[in-house]
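Visitor: Below you will find the structure I want to go over with you.
The values are calculated or read from the model by the stated rules, or taken from the named source; none is laboratory data. Being a predicted model, the structure only gives us computed values, none of them experimental. As a convention, Cβ positions derive from the backbone with ideal geometry for all residues, glycine included, and neighbour counts pool all protein chains shown.
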């Protein structure tokens, strides 16, 4: 059973719904890579060093501090963060309900799951069902660990999801980047729009997130295995030289590409297999555990 981050309540109006907060993210599937010194392939480690003595500091002796004057600190423990505002530290305080569709994707940051605490099931279900029927998200403030966040509370299936939001000032707007002048005056014809709409319609499908997998992870493992088989475990692969683009290569015939895309249609599934069968095969392949390639024995270089 997953461990909750805290037990508290959702507050809206005079109603309090007792809940427990859980992280909604699984552990990253990134490869466990070790930093090496390329001169002798020895691992490079991290150290927490006392800047006054130069000695390593064990984790149990590390505390957090706020520098209120030069080289003078106030030590803050987890209890200090809680006591700063006991209510805010364990409350999802809903300030307003807005249309979920009005929140642009770039504002969403990190998802959390909220589960009803004891004797809070009915109030939890009431809030969930009412929000789902209204198509609304609750805009709230919440403290997670040691930081206050703006967040959106959303009904999703049987559960309530709390997604932290980025503040407006944290996001760059179109005016903040150098858009080329050509883009501002770019015009597309009605025929090009019609052809693009046909292509979008041909590629339209239902959103089924389970269909999509991290194929790059598999490709990188294959690259590692290939280097082991080739005896190139300590070889540093240099980047290939890029060929200069031919003059005028950036001129694109959009209409021609759109027409070919529409005429070509979707990629056909393998012979004798339906698209659904291909999806099932991919899911089975994804479910198989990937074994980390065994490290080939290496000889230490002598100085």
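Visitor: Kindly indicate which of 49, 15 is surrounded by 10 or more Cβ atoms within 10 Å (Cβ to Cβ), over 26 Å from residue 170 (Cβ atoms), more than 29 Å from the chain's Cα centre (by Cα) and not assigned by TED's automatic domain parsing to the domain that holds residue 139. Lay out the reasoning, then the answer.
Guide: Values: 15 fails: not assigned by TED's automatic domain parsing to the domain that holds residue 139.
Selected residue: 49, the only one of 49, 15 that is surrounded by 10 or more Cβ atoms within 10 Å (Cβ to Cβ), over 26 Å from residue 170 (Cβ atoms), more than 29 Å from the chain's Cα centre (by Cα) and not assigned by TED's automatic domain parsing to the domain that holds residue 139.
Visitor: Which condition does residue 199 not pass, out of (1) at pLDDT 90 or above; (2) surrounded by 11 or more Cβ atoms within 10 Å (Cβ to Cβ), if it passes all the others?
Guide: That leaves (1) as the condition not met.
Visitor: Shifting gears a bit: Does any residue in the range 171-185 that is closer than 22 Å to residue 106 by Cα come within less than 7 Å, Cβ to Cβ, of a residue that is at pLDDT 70 or above six or more places away or on a different chain, and which pairs are these?
Guide: 171/106
Visitor: Yes or no: residue 147 under 20 Å from the mean Cα position of the chain (by Cα) and under 26 Å from residue 90 (Cα atoms)?
Guide: Yes, satisfied.
Visitor: State whether one or more residues within the range 70-79 are part of a helix (DSSP H, G or I), within 28 Å of the chain's Cα centre (by Cα) and over 18 Å from residue 150 (Cβ atoms).
Guide: Filtering the range 70-79 for residues part of a helix (DSSP H, G or I) gives 78-79.
Going one step further and asking which of them are within 28 Å of the chain's Cα centre (by Cα), we end up with 78.
If we keep only those that are over 18 Å from residue 150 (Cβ atoms) as well, we get 78.
The answer is yes; a qualifying residue exists.
Visitor: Oh, and also: Tell me whether the range 60-67 contains one or more residues that are free of Cβ contacts under 8 Å to residues at least 40 places away in the same chain, out of contact with any helix residue (DSSP H, G or I) (no Cβ under 8 Å at 6 or more places or on another chain) and in the same structural domain as residue 162 (by TED's automatic domain parsing).
Guide: The answer is no, given that none of the residues of the range 60-67 is free of Cβ contacts under 8 Å to residues at least 40 places away in the same chain, out of contact with any helix residue (DSSP H, G or I) (no Cβ under 8 Å at 6 or more places or on another chain) and in the same structural domain as residue 162 (by TED's automatic domain parsing).
Visitor: Hey, does the range 171-193 have a residue that's surrounded by 10 or more Cβ atoms within 10 Å (Cβ to Cβ) and within 17 Å of the chain's Cα centre (by Cα)?
Guide: Checked the range 171-193: at least one residue is surrounded by 10 or more Cβ atoms within 10 Å (Cβ to Cβ) and within 17 Å of the chain's Cα centre (by Cα).
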